[in-house]
Amino acid sequence: MATALSEEELDNEDYYSLLNVRREASSEELKAAYRRLCMLYHPDKHRDPELKSQAERLFNLVHQAYEVLSDPQTRAIYDIYGKRGLEMEGWEVVERRRTPAEIREEFERLQREREERRLQQRTNPKGTISVGVDATDLFDRYDEEYEDVSGSGFPQIEINKMHISQSIELEFGAGDLQGPLFGLKLFRNLTPRCFVTTNCALQFSSRGIRPGLTTVLARNLDKNTVGYLQWRWGIQSAMNTSIVRDTKTCHFTVALQLGIPHSFALISYQHKFQDDDQTRVKGSLKAGFFGTVVEYGAERKISRHSVLGAAVSIGVPQGVSLKVKLNRASQTYFFPIHLTDQLLPSAVFYATVGPLVIYFAMHRLIIKPYLRAQKEKELEKQRESTASDILQKKQEAEAAVRLMQESVRRIIEAEESRMGLIIVNAWYGKFVNDRSRRNEKVKVIDVTVPLQCLVKESKLILTEASKAGLPGFYDPCVGEEKNLRVLYQFRGVLHQVMVPDGEALRIPKQSHRIDTDG
């Protein structure tokens, strides 16, 4: 099955793969690999003008890779952000004596500053649509007392409120029971670790115009933790303080609010699964003058720009509610569904199980087939748009193979004299062995010469990286699963091995031997 094609897959050279070294390679290993490729591609070794030009281009690419990886500072940045990270504005100011971890922290700060500047140069519209649904008639019914009421046999589900807001730098809201809302947001960095936001709002209602002011002072306590202090005056006056810790695997919040009419304490935890769908499971406990509310739920990415989430809220005296939210790019669609004013186990059960059943049914029957079709279309478009880049990489690989011919001839002579390692045939790309996929086209390239060129002292070692970055290789089927199949001879005996792209390979091995008995 085709996989999503990232921009880095085409735009970023894999320097480790080019030099055929481990990502943990020492400076001595880097130097040895660099010297070997320099001897292979040095322009002065070729008299033919065309070969000399090709050798010069490949020689410069190898030199660029070595320059980046031999410097601890640029290597740390490359390991984190790839080749594009080296081109980011501001990295040259990072102190050279810092550790990779310190460089990463400093570089992330520079990246945030660049994103902030980009946001200041353009507007970032956001919108929210909230539709409140009253479904209490599903559980809180009085059929025995009101049997004579017309239509009482069917539960009544009603939309009891709606709110729509859109913001660029200004915020506009309408549709809520409180009336239209007009707001203005301001943001300013006070120090590299501290910032303040202010939101001025005017609420229009039947009682007149009600002004409001909200100010939030925030400070980064460490890399993953932020402390907030919020003052709100006007519509609902309150003072709130909270600490938020956000890491790759979890999001934790502790908050305390004193205000009129709401004062409460809150603790919430969200676990982030490291999967492709970015699944998150969350739970919270909120207690205050209004009562106590327990909330739990989950959210999951259903497409590149869409996240679907649902949460069950159980409270006293609020009852049971189901909250469904869809984030689509910068738009948010929110549907709070009030199920019952009482704590009914049946309402809790259906609010929990119902969304799960509906989601998995929709995911299997609608979402998954749709995403598969979209991925295929996107992959095809990306192949068409990057056809010239692929053609260039193919030409570079063919040029590298021509430059390797003389070196390979000498390597084969040396290996034959000692009954060593001879690459008989090597193919790289998409192989189709499954009968159910026989209609798919095989897309492979011959990489016998490039692999033989990497043989040293009757050994061939390939690191854990995509083989497409090796000298003499290119990607014959961008975005699809690839393998490397090698038929080789060692001590006069044939061996064969096939490994997925990205896995390490070390030959010769006894387990690769072809059994010719019988």
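The values are calculated or read from the model by the stated rules, or taken from the named source; none is laboratory data. Keep in mind that this is a model prediction, so the values were computed, not measured. We place every Cβ from the backbone using ideal geometry, glycine too, and count neighbours over all the protein chains shown. Heavy atoms of the whole protein, side chains included, go into the accessibility calculation; ligands, DNA and RNA do not. Shrake-Rupley method; radii C 1.70, N 1.55, O 1.52, S 1.80 Å.
Of note:
- Any chance Pro355 is free of Cβ contacts under 8 Å to residues at least 12 places away in the same chain and under 25 Å from Gly291 (Cβ atoms): no
- Wholly within segment 182-293, strands (runs of 3 or more DSSP E) carrying at least 2 residues that are touching a Ser or Thr at 6+ places or on another chain (Cβ under 8 Å), surrounded by 14 or more Cβ atoms within 10 Å (Cβ to Cβ) and among the aromatic types (Phe, Trp, Tyr): 225-233
Conditions (1) at pLDDT below 80; (2) open to solvent by 60 Å² or more (accessible area, probe 1.4 Å), marked per residue:
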{"site": "Ile366", "(1), (2)": "no, yes"}
{"site": "Lys381", "(1), (2)": "yes, yes"}
{"site": "Ile390", "(1), (2)": "no, no"}
{"site": "Asp434", "(1), (2)": "yes, yes"}
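- Hits in segment 320-373 (condition: hydrophobic (A, V, I, L, M, F, W, C) and under 17 Å from Thr136 (Cβ atoms)): Val320, Leu322, Val324, Phe335, Ile337, Leu339, Leu343, Leu344, Ala347, Val348, Phe349, Ala351
- Scope segment 330-352; condition closer than 20 Å to Thr292 by Cα and outside any helix (DSSP H, G or I); matching residues: Pro336, Ile337, His338, Leu339, Thr340, Asp341, Gln342, Leu343, Leu344
- A residue that is over 26 Å from Arg22 (Cβ atoms), open to solvent by 100 Å² or more (accessible area, probe 1.4 Å) and not hydrophobic (A, V, I, L, M, F, W, C) occurs somewhere in segment 441-458.
- Test result for Ile77, under 27 Å from Gln392 (Cβ atoms), in a helix (DSSP H, G or I) and modelled with pLDDT under 80: yes
- Of all residues in segment 321-333, those being open to solvent by 50 Å² or more (accessible area, probe 1.4 Å) and over 22 Å from the mean Cα position of the chain (by Cα) number 2.
- Some residue of segment 408-416 being part of a helix (DSSP H, G or I), modelled with pLDDT under 85 and not basic (Lys, Arg): no
- Candidates Pro336, Pro345 - the one that is modelled with pLDDT of 85 or more and surrounded by 14 or more Cβ atoms within 10 Å (Cβ to Cβ): Pro336
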